[in-house]
């Protein structure tokens, strides 16, 4: 049995901020939490009649709530596709979310300049290649080379499923550089995606090491304050 911890959840509140930022009473908390999940699922899993994602290349979705409105921040590598002509697609999404939640929605789109360093986008890109029947080892090698050339300190990719159309499912893993998963100061990005191929689902996990957090990047509590003070060595008299 595996003893694995999600790297983002492991660092949330210490090195990383929360993806949902709001306060609610005990009675409302559970309902608002479920509502946040439904908003994320609606945006990520919305597909058109050709079974393609309506809102592609979204790395993460952050939600902020005030008394008057719900602010949804989308981090995307292709903001032009999300916005559409004269903002048509954003207005359409805003209207649909308002009908779904019954609240006023404000959508903000943030552009990701280097998608090859975002684990979620790397995982989705590998998934798209597998759906197009590309060889999985070639897809892994290409993704690793692209990410390392972009300046990452390390990357680990793991595929699970009936790889290459095999009868029995298995795992295939490739690592380049260093991936210190237990080091809280290490900025480890994690992404997960699924590729639906003819043989079934292929699970794709990606870990990317972006180096160490600097003092300016820390959104949570400063980790140095929690470190134990170093005691001087004891001197023994003979």
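Summary table below
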quantity	calculated
All helices (runs of 4 or more DSSP H) inside region 50-145 with 3 or more residues being farther than 24 Å from residue 161 by Cβ and in the same structural domain as residue 22 (by TED's automatic domain parsing)	79-83, 88-101
Tally, over region 101-133, of residues that are closer than 14 Å to residue 192 by Cβ and out of contact with any strand residue (DSSP E or B) (no Cβ under 6 Å at 6 or more places or on another chain)	1
Filter pass, residue 92 being surrounded by fewer than 18 Cβ atoms within 10 Å (Cβ to Cβ) and without any contact (Cβ under 8 Å) to a residue 12 or more places away in the chain	yes
Number of positions in region 1-29 that are in contact with a helix residue (DSSP H, G or I) (Cβ under 8 Å, 6 or more places away or on another chain) and in a loop (DSSP other than H, G, I, E, B)	4
Meets criteria (closer than 16 Å to residue 8 by Cβ and either over 19 Å from the mean Cα position of the chain (by Cα) or exposed (fewer than 13 other Cβ atoms within 10 Å of the Cβ) (or both)) for residue 178	no
Counted residues, region 57-80 - those being more than 30 Å from residue 23 (Cα to Cα) and loosely packed, with under 15 Cβ neighbours inside 10 Å	1
The listed residue being in contact with a helix residue (DSSP H, G or I) (Cβ under 9 Å, 6 or more places away or on another chain) and under 19 Å from residue 125 (Cβ atoms), out of 198, 150, 186	150
Residue satisfying all of: in region 98-126; crowded, with 20+ Cβ neighbours inside 10 Å and under 24 Å from residue 50 (Cα atoms); nearest to the chain's Cα centre (by Cα) among these	120
Conditions (1) in contact with a helix residue (DSSP H, G or I) (Cβ under 6 Å, 6 or more places away or on another chain); (2) crowded, with 16+ Cβ neighbours inside 10 Å; number of the one not met by residue 32	(1)
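Yes/no per residue for (1) modelled with pLDDT under 90; (2) in contact with a helix residue (DSSP H, G or I) (Cβ under 9 Å, 6 or more places away or on another chain):
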residue	(1), (2)
45	yes, no
50	yes, no
53	yes, yes
62	no, no
80	yes, no
89	yes, yes
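Rundown of residues vs (1) at pLDDT 90 or above; (2) in contact with a strand residue (DSSP E or B) (Cβ under 7 Å, 6 or more places away or on another chain), yes/no style:
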site	(1), (2)
180	yes, yes
185	yes, yes
201	yes, yes
219	no, yes
227	no, no
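The values are calculated or read from the model by the stated rules, or taken from the named source; none is laboratory data. Just so we're clear, the structure is a prediction, and the values are computed from it rather than from any experiment. Reconstructed Cβ throughout: ideal geometry from the backbone, glycine too, with neighbour counts over all protein chains shown.
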